[in-house]
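Trainee: Have a look at this one before I ask anything.
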Amino acid sequence: MRLAERDPRFTAVNLVAPEDWDSSLRNYTLQMRMLDFLHRRYPRAHLTLHAGELWPGLVKPEDLRFHIHQAVTIAHAERIGHGVDLVHEDNWQELARTMAARQVAVEVPFTSNAQILGVKGAEHPFTTYRAYGVPIVLATDDPGISRIDISHEYRYAATTYHLGYGDLKDLARASLQYAFLPGRSLWRGNPTRDGYHVVDACRGPAPGQRLAGCRLPAAARVQSQGGRPVAAGSRLRLLRAALHHPPLTAPSPGLGAPARSGAPRPSAVRARMSSNFSSWGERMGGCDPVRARRTPSCTRRAPGVLGVARPLRRATLRV
C-alpha cells in the first residue's frame, strides 16, 4: 500500500485469490478489516479487489451473502473484480445503489465468468449493474488462458445484450475514467449516471488548446511539433495514441487489438500489467482533445475511436 501510494510506477493494489478456498472463506472478513486499517494508513493508495466471483453450488448459500458488500464498505475498494454473485448478497439493491453513488466500477470479464463459473447471458448481473447505474469496465481477466482479447469481450457484449454503438463507446470511456489515472476527470459529474459530457471549462472552439480554467490531467502538456499538437502524459497521451486509428461506424470483431506486454517488471515486486485497464479510446463526444482541426466544438457528438487496446505503462500490484 505504501508503494502504491508513493511510487508513480504503480497504479493500485489488487488482491486476488479463489474466494471459495477454505482460508478465503474463513478469513475474508478479517482480511477486509486489515485493508480498512491499511486504507487509513495510506489513504491515497488505490485499491481494487476480486469479490463476488462466486455462484450457487460453488460455496454454501451463507458464503454468497457479503463478499462484495464488505469489499466496498469495509475495505474501501474502488473497483470490484467480477462481482458475479451480486443478487445473492444481503440487501443487494442497496449495495448496488451504494456502488453507483461512490462510482465503484465493476470489472466484467464475460468469457472468464462463463468458463469458470458457468455464468453467462441473462444469468450474468451485467444488465443489473447497468440498471442501477454502476460503472462497468470490460476486461479479459486471463486472456492467455481464455484465448480471447478485449475485442472479443466488446463483441460479446454487443451481440448478447444488444448494445448500440453509443453504449460501447461509453464502456470504452469508462475503462479510462475508472483506471486510476492522475489528474481530474475530463467528464462532468458522475458520467455513468449523467452521461459522458466534457467539463465546461474544456468546451470551446479550439480543442487541444488549454483554455482558461481548463484543468487538464496532471503532467499533461500540449506542444506543437511540425505544426501538429502533440500530447504527452496522463490521459491525453492515451487519447492521442487512440486517434491514430480510423473511426469505426459499427461494432465488429476488429474493435481493438490484443494487449501487448508492458515494461519490464520490478524484480522486488510481483507486478502485472492489468488487461482490465487496456481498453480505452474515444474522442470525448466528438471533440478531439489533441488535434485541433476536427470538430469546432467539444459539444458536438460524432463517432469516435472505440476499443483501442494498449497496455498502460503502469502496473497493478498483484498479491
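Trainee: Take the conditions over 27 Å from Glu123 (Cα atoms) and touching a Ser or Thr at 6+ places or on another chain (Cβ under 7 Å) and apply them to Ala12. Does it pass? Break it down into steps so the answer makes sense when it comes.
Mentor: Working: over 27 Å from Glu123 (Cα atoms): yes; touching a Ser or Thr at 6+ places or on another chain (Cβ under 7 Å): yes.
Yes.
Trainee: Then there is this: Could you please tell me which pairs satisfy a Cβ distance under 9 Å, a separation of 6+ or placement on different chains, a first residue in the stretch 46-73 that is crowded, with 17+ Cβ neighbours inside 10 Å, and a second residue that is among the basic types (Lys, Arg)?
Mentor: Here the result reads His46/Arg79; Leu47/Arg79; Thr48/Arg79; Leu49/Arg79; Gln70/Arg33; Val72/Arg102, each pair linking the stretch 46-73 to a residue that is among the basic types (Lys, Arg).
Trainee: Just to verify a result, which residue in the stretch 146-170, among those that are more than 22 Å from Ala122 (Cβ to Cβ) and part of a loop (DSSP other than H, G, I, E, B), is nearest to the chain's Cα centre (by Cα)? Steps first, answer last, please.
Mentor: Filtering the stretch 146-170 for residues more than 22 Å from Ala122 (Cβ to Cβ) gives 147, 149-151, 165-166, 169.
Adding the requirement that they be part of a loop (DSSP other than H, G, I, E, B) leaves 147, 149.
Details: Arg147: 21, Asp149: 15 Å.
Among those that are more than 22 Å from Ala122 (Cβ to Cβ) and part of a loop (DSSP other than H, G, I, E, B), it is Asp149.
Trainee: Filtering the stretch 171-186 down to residues that are touching a helix residue (DSSP H, G or I) at 6+ places or on another chain (Cβ under 7 Å) and outside any helix (DSSP H, G or I), which residue is farthest from Cys202 (Cα to Cα)?
Mentor: If we take residues in the stretch 171-186 being touching a helix residue (DSSP H, G or I) at 6+ places or on another chain (Cβ under 7 Å) and outside any helix (DSSP H, G or I), then Ala179 is farthest from Cys202 (Cα to Cα).
Trainee: Now a separate question. Please state which one of Arg79, Arg147 is free of Cβ contacts under 8 Å to residues at least 24 places away in the same chain and within 22 Å of Ala17 (Cα to Cα).
Mentor: On the way: Arg79 fails: free of Cβ contacts under 8 Å to residues at least 24 places away in the same chain.
Unique residue meeting the criteria: Arg147.
A short reminder: the numbers here are calculations on the coordinates, not readings from a lab. In this text the structure is predicted, and so the values were computed from the model without any measurement. Neighbour counts are summed over all protein chains in view; Cβ atoms, including those assigned to glycine, are modelled from backbone coordinates with ideal geometry.
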